[in-house]
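Report on one structure; see the data block that follows.
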Amino acid sequence: MIMDPALAQLLEEHKRYFSILPDGKVKCEINGHQFPPRLDVATAFIKGNKFAKLKKRYDAEHSLEKYEPFILQSANFPNMLYCALTGQLMDKSLDAVKKHIQGKRFQNKKARFAADQLELKDEPDIDTLLAEITGRSVGKKKKKGEEAEEGSGGG
């Protein structure tokens with residue numbers, strides 16, 4: 001099967017993200033989407049918002065290896081990253097990581113880590129995070145009737 005030269009050039013420009021299947025279809029390596037080898041379909045997919053978001057996330061994931069052990073995949077939120085120095089969550093994008101590592105808090109903690117004054121933080125589990133945010137222990141909600149009984153006190 002002969003491919004349109006314009007389509008071949010377009011796919012060559014984005015060769016990290018696409019492959020040609022034996023049956024001639026074009027496959028997006030990021031999300032597995034397959035479409036016919038037509039220039040209009042490929043162009044529409046590449047120019048779409050969905051592909052832009054997928055590409056941004058894919059590029060971030062594959063370029064983040066140089067930021068480990070400080071910036072890690074969040075265990076609680078699959079679309080977020082976790083900083084083991086500052087304990088902060090951030091968007092899973094290279095721009096967010098670059099902005100974070102240029103910040104004062106990260107730079108100060110990195111210097112303290114290099115001087116062996118600071119250890120890397122493990123990401124807390126989601127239940128612990130919710131307990132800190134809400135200010136109460138997880139799983140111990142009072143029923144409406146119990147609050148009224150405690151307040152009446154009998155007197």
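Residue by residue, here is whether (1) in contact with a helix residue (DSSP H, G or I) (Cβ under 9 Å, 6 or more places away or on another chain); (2) among the polar types (S, T, N, Q); (3) in a helix (DSSP H, G or I) holds:
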site	(1), (2), (3)
Ser19	yes, yes, no
Thr43	yes, yes, yes
Lys50	no, no, yes
Ser63	yes, yes, yes
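The single residue among Asp95, Asp59 that is within 27 Å of Asn31 (Cα to Cα) and without any contact (Cβ under 8 Å) to a residue 24 or more places away in the chain turns out to be Asp95. Return a yes/no flag: does region 87-100 have any residue that is among the small types (Gly, Ala, Ser), surrounded by 13 or more Cβ atoms within 10 Å (Cβ to Cβ), at pLDDT below 90 and in contact with a helix residue (DSSP H, G or I) (Cβ under 7 Å, 6 or more places away or on another chain). Scanning region 87-100, I find at least one residue that is among the small types (Gly, Ala, Ser), surrounded by 13 or more Cβ atoms within 10 Å (Cβ to Cβ), at pLDDT below 90 and in contact with a helix residue (DSSP H, G or I) (Cβ under 7 Å, 6 or more places away or on another chain), so the answer is yes. Applying the criterion of being of a type in the set (D, E, K, R) and loosely packed, with under 13 Cβ neighbours inside 10 Å to the residues of region 113-128, the residue that is farthest from the chain's Cα centre (by Cα) is Asp116.
The values are calculated or read from the model by the stated rules, or taken from the named source; none is laboratory data. As the structure is a prediction and not an experimental result, all values here were calculated from the model. Glycine gets a Cβ as well: all are built from the backbone with ideal geometry, and neighbour counts include every protein chain shown.
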